[in-house]
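Asker: Mind looking over this structure? Questions follow.
Read-outs: derived from the displayed coordinates by stated rules, not from any lab. Note that the structure is predicted; figures quoted are calculated from it, not measured. Quick reminder, even Gly has a Cβ in these numbers, built from the backbone with ideal geometry, and neighbours come from all protein chains shown.
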């Protein structure tokens, strides 16, 4: 594909921006919408009853996960080559951090599959009662959800590095870089709050504010890549 031959070209940036927006749409659907529709906090039986009744939506969420992860792998590589001339070490580190995030997301699907198999009764565990199977399935769902706390750590590191590269490059508006760095800390705050301080309301408010900043910055950066592309590099 000739469009991928020149990482400094507008065509290359537009493909990167398009993939970034695909991640935002697929991720928003699979990570936010589907769980909010199907999950019933503290009630595994009701959750799996919802999954059984809306199996199509559940499978659509899995498709969204796969689309998002495939696009993430491509974006990892393409962002590396865009910012490689700025600082090769930092660009590679940012790429590895994002790729680690994708690896954790992929591992989370194993627990997803295990929970569903237990709830459906497709795993031969005759010594377990139905209630025990549901409780074990609920535990696997909890482990799956806890994976979010882990991948957010890698994503926070990626955003800090990417934001710094955006600022140093001069290829894109500095406000995007600042927003990525400041708002990206929200993922770290969310992991700490959900794991250790779930009842800290002030911390939750700070987290939401930071995540709002980084969401706007990421969407703005993706749209700039798609519509404007990089500025001419300075000598």
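Asker: For helix 55-83, report the angle its Cα long axis makes with the longest principal axis of the Cα atoms of the chain; keep it between 0 and 90° and round to the nearest 10°.
Answerer: Helix 55-83 and the main axis of the chain meet at about 30 degrees.
Asker: Right, another one. Which whole-number percentage describes the relative contact order of segment 122-228, with Cα contacts under 8 Å and a sequence gap of 6 or more?
Answerer: Dividing the mean separation by the residue count of segment 122-228 yields 24 percent.
Asker: Please arrange 201, 47, 16 by how many other C-beta atoms lie within 10 Å of their C-beta, fewest to most.
Answerer: 201, 47, 16
Asker: Can you put 67, 75, 3, 166 in order of Cβ neighbours within 10 angstrom, beginning with the fewest?
Answerer: With the fewest neighbours first, 67, 75, 3, 166 line up as 3, 67, 75, 166.
Asker: Let me ask something else. With a 10 Å Cβ neighbour count serving as the proxy for reagent exposure, in which order, fewest first, do 199, 112 appear?
Answerer: 199, 112
Asker: Continuing with the same structure: If Rh is defined by the Kirkwood formula over all Cα pairs and Rg also comes from Cα, what ratio Rg/Rh do you get for segment 1-124?
Answerer: So for segment 1-124, dividing Rg by the Kirkwood Rh gives 1.11.
Asker: Distance between Cα centroids, segment 1-17 to segment 120-165: provide it in whole Å.
Answerer: Cα centroid to Cα centroid, the span is 35 Å.
Asker: Angle between the Cα long axis of helix 88-120 and the longest principal axis of the chain, 0 to 90 degrees, nearest 10?
Answerer: 20 degrees
Asker: Which whole-number percent is the relative contact order of segment 2-227 (Cα, under 8 Å, 6+ apart)?
Answerer: This gives 21 percent for segment 2-227.
Asker: Please give the helix 201-227 orientation as an angle from the longest Cα principal axis of the chain, in degrees from 0 to 90, rounded to the nearest 10.
Answerer: 50 degrees
Asker: When a/c reaches 1.5 or more, the comparison of a/b and b/c decides; with that in mind, is segment 61-181 rounded, prolate or oblate per its Cα gyration tensor?
Answerer: Verdict is prolate for segment 61-181.
Asker: Which value, in Å to one decimal place, does the Kirkwood hydrodynamic radius take for segment 2-227 when every pair of different Cα atoms is included?
Answerer: Result for segment 2-227, one decimal place: 18.8 Å.
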